[in-house]
Amino acid sequence: MAAPSIDALGQFSLTTGFGQFGRALHFTNSNEAMLAAAVIITGVFALGLQARALVPGRMQSLVELLYEFVRNMCVDTIGEEGLRFFPLVFTIFSFILLGNLIGLIPYFFAFTSHIAVTLALALFVFVFSTGVGFYTHGFRFFKFFVPSGVPGWLLPLLVPIEIISYLSRPVSLSVRLFANMTAGHVMWEVFAGFMLLLTASFGVLGVFAAIVPLGLNVALAALELLVAGLQAYVFAILTCLYLHDAVHMH
Amino acid sequence: MRRLSTATLLALAPSAAFADTMPQMNFHNPLTLDQVGWMAVILVVLYLLLSCWGLPQVGKVLDNRAAVIAADLAAARQAKKEADAAAAALNATIVQARAVAQAEVAKAVNGAKAKAAAEAAALAAALEVKLDAAEAQIATARAAAVAAIRPVAADVASTILLKLTGIQPAEDQLAPRLDAALAARKVA
């Protein structure tokens, strides 16, 4: 059996990057992609802020577009108080967006496909928004788990449900992003593997048959581009929503 | 939806595809958690860069643009106000000029009318004088003519009487009858 097997999950394997330095400090290949994302974001800002023109050029438009998009998201979702969290939301949004997009490039690592990464981000958002809730409302924040306008005898049932629903936020937040990115990359790899299998097994006929999974992968690329943007947006807007709950308690 | 598709994919994909467990779930590998530590470092640096430098700078650019646009709009509004005022002043001037011109025209017309009337009056007066003179002349001529009639009439009457009767009428007999005849013909 010389036919290649499909290794759909090998792309997610962690190794160390940056040679000797990475091995010593456990700087992984996913951290390389994170660093690339951070450098690209900073670079886009540096380029966009070069002219500071009244009529913006392309890069400046891009930066302003991102800025106003996330700013409006914060203000619309959280309210005027949301501006305090704007840099945080922007950092998270741009980091995840760039991570998703970098992951789409062949041979680049998609760090958002790692549950450890997304769970860490989600837990940070969860702990932070809970902290904001207690900082803003003190112990009255516990009333968040007591739905208003509900008959008293229902509360023993509803309060645990509310608490479980609140505690499941980081799980859904992290799994959503992780699963979306993993699924897309696995499908890509599987279809690409099919192409190799077909060509290896059926010769010339297989080469022609391989056009089908190739076409699927092209379509999938468009879908993944959409998912990359959408999931970053979903993560950011849910972060805003949780912060809204923490600030307004309803 | 997408989460479901992962699940189905994981269930349906050939087992060969998952020779090993998912690397994402391999928490025995220290790198799995080490990447989170480095992510924290990278994110903190990125957050500081964005919150202290990038985002405020973009905000400043946007604020500056909004201020410039507002200032331009205010200037445009001011200019419009001034233009409106200028137009109003122009209209007022035009109206005033028209009134002045009309007054001037009326004055000229009245002056011409007065002058024409005066000339007509003077002409009429001159004509009146001439008329009076002519009438006086006529009256004189008439009086002279009338005065010339009586001796001729007396002469003719005495001549006729002499030829018819052979008697030279007496002057005092002839005179009253002559006067009566002349009065009857309204000559005297």
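The values are calculated or read from the model by the stated rules, or taken from the named source; none is laboratory data. What you are looking at is a predicted structure, and each value in this text was computed from that prediction instead of being measured. Cβ sites come from the backbone with ideal geometry, for glycine too, and all protein chains shown count toward neighbours. These area figures cover heavy atoms from the full protein model, side chains too; ligands, DNA and RNA do not enter into them. Shrake-Rupley method; radii C 1.70, N 1.55, O 1.52, S 1.80 Å.
Distance from the C-alpha centroid of the stretch B:127-157 to that of the stretch A:1-74: 140 Å, rounded to the whole angstrom. Against the main long axis of the alpha-carbon atoms of chain A, helix A:155-167 sits at an angle near 40°.
Annotation: A:H185 carries an accessible surface of approximately 10 Å², with a 1.4 Å probe and no ligand, DNA or RNA atoms counted.
Computed on protein heavy atoms with a 1.4 Å probe, what is the summed buried accessible area for the chain pair A and B, in Å² to the nearest 100? Chain pair A/B: roughly 4500 Å² of buried accessible area. Along its three principal directions, the equivalent ellipsoid of the stretch B:134-184 from the Cα gyration tensor extends over semi-axes of 28, 11, 7 Å, largest first. Across A:Y242, A:Y135, the residue with the most accessible area heads the list, and the full order at a 1.4 Å probe is A:Y135, A:Y242. Quick one: Debye curve from the C-alpha atoms of chain A, no solvent, what's log10 I(q)/I(0) at q = 0.09, 0.12, 0.14 Å⁻¹? With one equal scatterer per Cα and no solvent, log10 I(q)/I(0) is -0.54, -0.85, -1.03.
As a check on your grasp of the helix formula, calculate [θ] at 222 nm for the protein assembly as shown: sum -39500 (n - 2.57) over DSSP H runs of n ≥ 4, divide by the residue count, round to the nearest 500. Walk me through the numbers on the way to the answer.
On the way: 12 runs with 341 residues, N = 438.
Value at 222 nm, helices only: -28000 deg cm²/dmol.
With all protein chains in place and a 1.4 Å probe, the accessible surface of the stretch A:177-250 carries 84 percent carbon and sulfur.
Of all lysines in the structure, those lying under 30 Å Cα to Cα from B:K115, and not within fewer than 8 positions of it along the same chain, are B:K107, B:K130. What angle, in degrees between 0 and 90 and rounded to the nearest 10, separates the Cα long axis of helix B:171-184 from the longest principal axis of the Cα atoms of chain B? For helix B:171-184, the angle is close to 30 degrees. Accessible area per residue for the stretch B:134-184 is 74 Å², calculated with a 1.4 Å probe on protein heavy atoms, without ligands, DNA or RNA. Here chain B exposes an accessible surface that is 69 percent carbon and sulfur, computed with a 1.4 Å probe and the other protein chains kept in place. Principal-axis analysis of the Cα atoms of chain A puts helix A:115-137 at an angle of about 10° to the longest axis. For chain B, the equivalent ellipsoid derived from the Cα gyration tensor has semi-axes of 148, 24, 8 Å, listed largest first. For the stretch A:93-164, the fraction of 1.4 Å probe accessible surface lying on carbon and sulfur atoms is 79 percent.
Give me the 1.4 Å probe accessible area per residue for the stretch A:26-248, excluding ligands and nucleic acids, in Å². That works out to 46 Å² per residue.
Across the alpha-carbon atoms of the stretch A:67-206, the computed radius of gyration and Dmax are 21.6, 73 angstrom.
Peptides A:159-170, B:87-98, ordered by how many other C-beta atoms sit within 10 Å of their residues on average, highest first, read A:159-170, B:87-98. Summed over all non-identical Cα pairs, the Kirkwood treatment of the protein assembly as shown gives a radius of 31.6 Å. Summary of the geometry: the stretch A:106-120 and the stretch A:178-250, compared by the centres of their Cα atoms, lie 13 Å apart.
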